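Asks: Below: one structure in structure tokens.
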Amino acid sequence: MYVLGIETSCDETGVAVYCSERGLLAHQLYSQVALHAEYGGVVPEIASRDHVKKLLPLLNLSLQQAGITKFDLNGIAYTSRPGLVGALLVGAAFGRSLAWALNIPSIAVHHLEGHLLAPMLEPEQPAFPFLALLVSGGHTQLVTVEEVGKYFLLGESLDDAAGEAFDKVAKLLGLPYPGGAELSKLATQGQAGRFHFPRPMTDRPGLDFSFSGLKTAAINSIRTNSPIDLPTKADIACAFEEAVIDTLVFKCRRAVLETGLKILVLAGGVAANQRLRTEINSMMLQQDGKTYYPRLEFCTDNGAMIAYAGYQRLRSGVYEPLVIEVKARCNLSR
Ligand code: KG4
Ligand code: ZN
């Protein structure tokens with residue numbers, strides 16, 4: 001079974017082909033980062049228009065890379081929620097109409113389900129049930145994954161997502177958009193201990209997060225130290241990253257202790273953070289557990305994770321009518 005995956009929820013156009021027998025056969029990604037950089041963030045209308053331009057060429061490249069034609073496809077999966085409505089509509093209209101023209105089924109995929117299942121694209125896969133920490137630009141969630149399609153939310157951010165906090169602090173440090181990876185790079189030059197930021201909500205029970213206060217604390221330090229020199233910027237970046245990671249690790253440890261689950265999946269854009277991977281890994285080893293994460297390019301948005309999630313749905317015979325519907329916000333369980 002050949003499944004085409006389409007991702008257009010934000011500023012990345014991703015197209016991929018997943019084969020039930022041979023695994024991932026093609027994966028094409030176009031990032032709009034350069035297009036939005038001058039605005040310091042994603043401009044939704046520009047994002048939608050660029051997805052329109054890139055989808056068809058990326059489809060052709062994917063089919064070529066997979067060594068198949070569009071007539072070999074058995075299903076099409078596309079991201080339908082959550083995300084930028086205009087951007088989602090481009091992928092949804094493209095996916096549904098191509099499937100209709102080819103007379104094959106199409107399936108609307110939840111973007112976060114794609115992130116959650118991305119480690120399944122790796123040679124060594126986690127066994128169900130497992131815990132997952134989803135850390136992206138829009139979400140920070142702790143989830144139990146019982147099987148494909150059975151997700152239970154344990155806790156989430158009550159305000160900013162971890163990636164969003166990274167991006168906002170990075171912007172004030174004068175780093176280019178999207179700032180997460182840039183801030184992390186700068187943090188490696190910083191001196192630990194010069195600044196100390198709070199570990200929000202670690203002093204109360206539960207598995208929810210809050211990153212807005214921590215972000216404000218970092219922003220206040222940037223302002224009180226202005227005009228700010230490069231070493232101070234690096235020290236703030238280092239302390240901020242450490243506080244976010246400590247908080248994430250703390251909540252993950254609590255989730256492991258509360259659920260008894262010994263497998264943790266790290267997914268979403270912030271899962272590309274090397275320091276987070278290392279810290280989560282060593283915490284899980286202390287708990288006699290194991291961590292799984294996708295390769296770096298499958299942490300951030302991509303079509304491969306959508307193709308895989310779609311394949312899992314299509315193989316169970318799910319049928320969806322020819323309706324094009326997208327949602328800006330939507331819980332994973334719906
Ligand atoms: O999953 P993703 O590509 O898009 C969403 O679904 O939101 O995640 C993007 C987020 C951005 O906030 C970006 O700054 C962050 O992931 N990110 C990182 C790193 N690489 C990407 N944050 C911290 N460290 C990184 N190395
Ligand atoms: Zn994402």
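A quick yes/no check of all residues on (1) charged (D, E, K, R); (2) in contact with a His (Cβ under 8 Å, 6 or more places away or on another chain):
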| position | (1), (2) |
| --- | --- |
| Ile236 | no, no |
| Thr247 | no, no |
| Lys251 | yes, no |
| Gly268 | no, yes |
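Asks: Can you tell me which residue in region 208-226 is farthest from the chain's Cα centre (by Cα), limited to those that are farther than 19 Å from Gly137 by Cα and open to solvent by less than 70 Å² (accessible area, probe 1.4 Å)?
Replies: The residue in question is Asn225.
Asks: Now for a separate question. Among what's in region 227-270 and is farther than 25 Å from Thr188 by Cα and touching a Gly at 6+ places or on another chain (Cβ under 9 Å), pick the residue that is surrounded by the fewest Cβ atoms within 10 Å (Cβ to Cβ).
Replies: Lys262
Asks: To continue, here is another question. Give me the pairs, please: first residue somewhere in region 108-128 and within 12 Å of ligand 1 (Cβ to nearest atom), second residue anywhere and of a type in the set (D, E, K, R) and not in a helix (DSSP H, G or I), beta-carbon distance under 7 Å, and either six or more positions apart or on two chains.
Replies: His110/Arg81; His111/Arg81
Asks: Residue under question is Leu264, and the condition is that it be away from ligand 1 (no atom under 16 Å from the Cβ) and under 21 Å from Ser136 (Cβ atoms); does it hold?
Replies: So Leu264 passes the test.
Asks: Another one. Which one of these is among the charged types (D, E, K, R) and touching a Leu at 6+ places or on another chain (Cβ under 9 Å): Arg199, Arg194?
Replies: Values: Arg194 fails: touching a Leu at 6+ places or on another chain (Cβ under 9 Å).
Just one listed residue meets the conditions, Arg199.
Asks: Does region 300-309 include one or more residues that are aromatic (Phe, Trp, Tyr) and more than 16 Å from ligand 1 (Cβ to nearest atom)?
Replies: No, region 300-309 contains no residue that is aromatic (Phe, Trp, Tyr) and more than 16 Å from ligand 1 (Cβ to nearest atom).
Asks: Hey, can you tell me all the residues within region 142-192 that are more than 16 Å from ligand 2 (Cβ to nearest atom), open to solvent by 70 Å² or more (accessible area, probe 1.4 Å) and either under 15 Å from Ala243 (Cα atoms) or out of contact with any strand residue (DSSP E or B) (no Cβ under 9 Å at 6 or more places or on another chain) (or both)?
Replies: Glu147, Lys168, Lys171, Pro176, Lys185, Thr188, Gln189, Gln191
Asks: Shifting gears a bit: Contact list please: Cβ distance under 9 Å, first residue in region 262-279 and in a strand (DSSP E or B), second residue near ligand 1 (Cβ under 7 Å from one of its atoms) and among the small types (Gly, Ala, Ser), pairs at least six apart or on different chains.
Replies: Taking only residues 6 or more apart or on different chains, the pairs are Ala267/Ser136.
Asks: Tell me which residues, restricted to region 271-286, are surrounded by fewer than 22 Cβ atoms within 10 Å (Cβ to Cβ) and farther than 22 Å from His111 by Cβ.
Replies: Gln274, Arg275, Thr278, Glu279, Asn281, Ser282, Met283, Leu285, Gln286
Asks: Is it fair to say Leu322 is modelled with pLDDT of 95 or more and either farther than 21 Å from Gly138 by Cβ or within 15 Å of ligand 1 (Cβ to nearest atom) (or both)?
Replies: Criteria not met by Leu322.
Asks: For region 89-101, does any single residue satisfy the condition of being among the hydroxyl-bearing types (Ser, Thr, Tyr) and in contact (Cβ under 8 Å) with a residue 24 or more places away in the chain?
Replies: no
Asks: Are any residues in region 54-89 among the basic types (Lys, Arg) and loosely packed, with under 13 Cβ neighbours inside 10 Å, and if so, which ones?
Replies: Answer for region 54-89, where residues must be among the basic types (Lys, Arg) and loosely packed, with under 13 Cβ neighbours inside 10 Å: there is none.
Asks: Ok, one more. What tally of residues in region 295-317 results from selecting those that are surrounded by 14 or more Cβ atoms within 10 Å (Cβ to Cβ) and within 23 Å of Met1 (Cα to Cα)?
Replies: The number of residues fulfilling the criteria is 15.
The values are calculated or read from the model by the stated rules, or taken from the named source; none is laboratory data. All figures in this text were calculated on a predicted structure; none of them were measured in a lab. Don't worry about glycine lacking a Cβ; one is built from the backbone with ideal geometry, like all the others, and counts go over all protein chains shown. The accessibility values were calculated without ligands, DNA or RNA, using every heavy atom of the protein model including side chains. Shrake-Rupley method; radii C 1.70, N 1.55, O 1.52, S 1.80 Å.
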